[in-house]
């Protein structure tokens, strides 16, 4: 019988491992050789390879300050390369390795702080303001004396505060703005933002203090001077006003004079909140301020023409004249101005004027053509109507017929869009228009029509209505 081979198992203990490592050092490169390789790779801008070489050298000689410095510089160079390629998040991680090797190095500290700042601003543009603030806080921790970082942090705090206010979260909005003011009391944007916030809350004394501080910081800011003048006017006129305060609306009125009118307006607004909100799918989260003035008070506060009985400028203002005592007129005025408030809430000031005014009128009165409407259309000439999107300048005309034409056509065209294509499509039409998209591109993508074809289609329907 053949003899079977005998296998021995080799057990490697700690002592043998140490022996093998010691024997291997004679075959492997020395720390100096690894360092020399790293230097060569660094000069060729092969930073990853250089980091590997310097890292191996430092493992062999952990106390070698030259190798440690070289590794730090290699990390720093790689971080710059990554940031130049747009990989800021990766650059931060790399620069953090460099910083860990020498936290006293001001070049590395500055670069890491700038990377956090840049990444924070980049993140803010995506809408993640909370994350952006965390990144800016890292930059400020590294360089608390850097005023650029403080300014950027205040900008983010203002941005976040605006979002909170729009959601009706006044407590956190106020807290954030006051934190920004404490962080940088000499910030003009922070003081103006605080002024606007207090003004929206009808806290005129606090608003005036903030705007006065802003004006001290920038005496050439004519818009702030104008705002101060406006708030002082309102403060003087409304100092004895009472409040009809509900969850959605704060209605201010002259005590003992317009209290009953305030309750009528409150009911109209509640209906408008439901009806117009469904058309635009927009329901304001923050309470809206409505102010009822006498004719004289309305003129002082708004400087509006005599024929104006309603205005929205961030607050909904109603003139209590003989006209507004008529139930239908009051309803129309309130719904019209409330519609402007909703459109502003959704689209800001970028929406074309004809759509803004057209929707406000449609929301106030979506009924069929009146006798006056038909007469005006006949006077203009049914074949001579200018497309409403070409009538924006007419809204500010001194010719009352031109103004009436602009308002009428805008209302009827917006009404046609909503009734022919529905709320969802019409909202999309308004949204695209507010972005500045060319009208031809909108009508082509949404209706597969040119603006001229859409106008002709509307004219066919309008002429049918005029015959009835």
### Query
Which of the residues spanning the range 166-189 are farther than 26 Å from residue 282 by Cβ and within 16 Å of the chain's Cα centre (by Cα)?
189
### Query
Can you name the residue in the range 312-325 that is surrounded by 12 or more Cβ atoms within 10 Å (Cβ to Cβ) and in a loop (DSSP other than H, G, I, E, B) and, of all such residues, is farthest from the chain's Cα centre (by Cα)?
321
### Query
Do any residues in the range 167-186 that are surrounded by 17 or more Cβ atoms within 10 Å (Cβ to Cβ) have Cβ atoms under 8 Å from those of residues that are outside any helix (DSSP H, G or I), where the two are at least six apart or on different chains, and which pairs are they?
180/187; 181/187
### Message
Among the residues that make up the range 282-304, is at least one of them over 23 Å from residue 235 (Cβ atoms) and surrounded by 15 or more Cβ atoms within 10 Å (Cβ to Cβ)?
### Response
yes
### Task
Determine whether residue 144 is under 30 Å from residue 181 (Cα atoms), more than 24 Å from the chain's Cα centre (by Cα), modelled with pLDDT under 95 and not assigned by TED's automatic domain parsing to the domain that holds residue 190.
yes
### Query
Residues in the range 286-296: is at least one assigned to a loop (DSSP other than H, G, I, E, B) and touching a strand residue (DSSP E or B) at 6+ places or on another chain (Cβ under 6 Å)?
yes
### Query
Of these, 332, 339, which one is in contact with a helix residue (DSSP H, G or I) (Cβ under 8 Å, 6 or more places away or on another chain), assigned to a helix (DSSP H, G or I) and surrounded by 22 or more Cβ atoms within 10 Å (Cβ to Cβ)?
339
### Task
Sort out which residues of the range 221-249 are within 25 Å of the chain's Cα centre (by Cα), outside any helix (DSSP H, G or I) and surrounded by 12 or more Cβ atoms within 10 Å (Cβ to Cβ), and write them in order of number.
221, 248, 249
### Summary
Of the listed residues (107, 129), the one being closer than 19 Å to residue 194 by Cβ, in contact (Cβ under 8 Å) with a residue 12 or more places away in the chain and touching a helix residue (DSSP H, G or I) at 6+ places or on another chain (Cβ under 9 Å) is 129
### Query
Does residue 163 meet the test of being within 19 Å of the chain's Cα centre (by Cα), farther than 30 Å from residue 70 by Cα and not in a helix (DSSP H, G or I)?
no
### Message
Please verify whether residue 259 is free of Cβ contacts under 8 Å to residues at least 12 places away in the same chain and closer than 25 Å to residue 203 by Cα, treating the condition exactly as stated.
### Response
no
### Task
Given the conditions (1) surrounded by fewer than 15 Cβ atoms within 10 Å (Cβ to Cβ); (2) over 27 Å from the mean Cα position of the chain (by Cα); (3) outside any helix (DSSP H, G or I), report the number of the one that residue 252 does not fulfil.
(1)
### Task
Look at residue 213 and say whether it is touching a residue at least 12 places away in the same chain (Cβ under 8 Å), within 26 Å of residue 124 (Cβ to Cβ) and assigned to a helix (DSSP H, G or I).
yes
### Message
Whether any residue in the range 266-276 is surrounded by 13 or more Cβ atoms within 10 Å (Cβ to Cβ), part of a loop (DSSP other than H, G, I, E, B) and in contact with a strand residue (DSSP E or B) (Cβ under 7 Å, 6 or more places away or on another chain) is what I want to check.
### Response
no
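The values are calculated or read from the model by the stated rules, or taken from the named source; none is laboratory data. Just so it is clear, the structure is predicted and the values come from calculations on it, not from any experiment. So basically every Cβ, Gly included, is an ideal-geometry build from the backbone, and we count neighbours across all protein chains shown.
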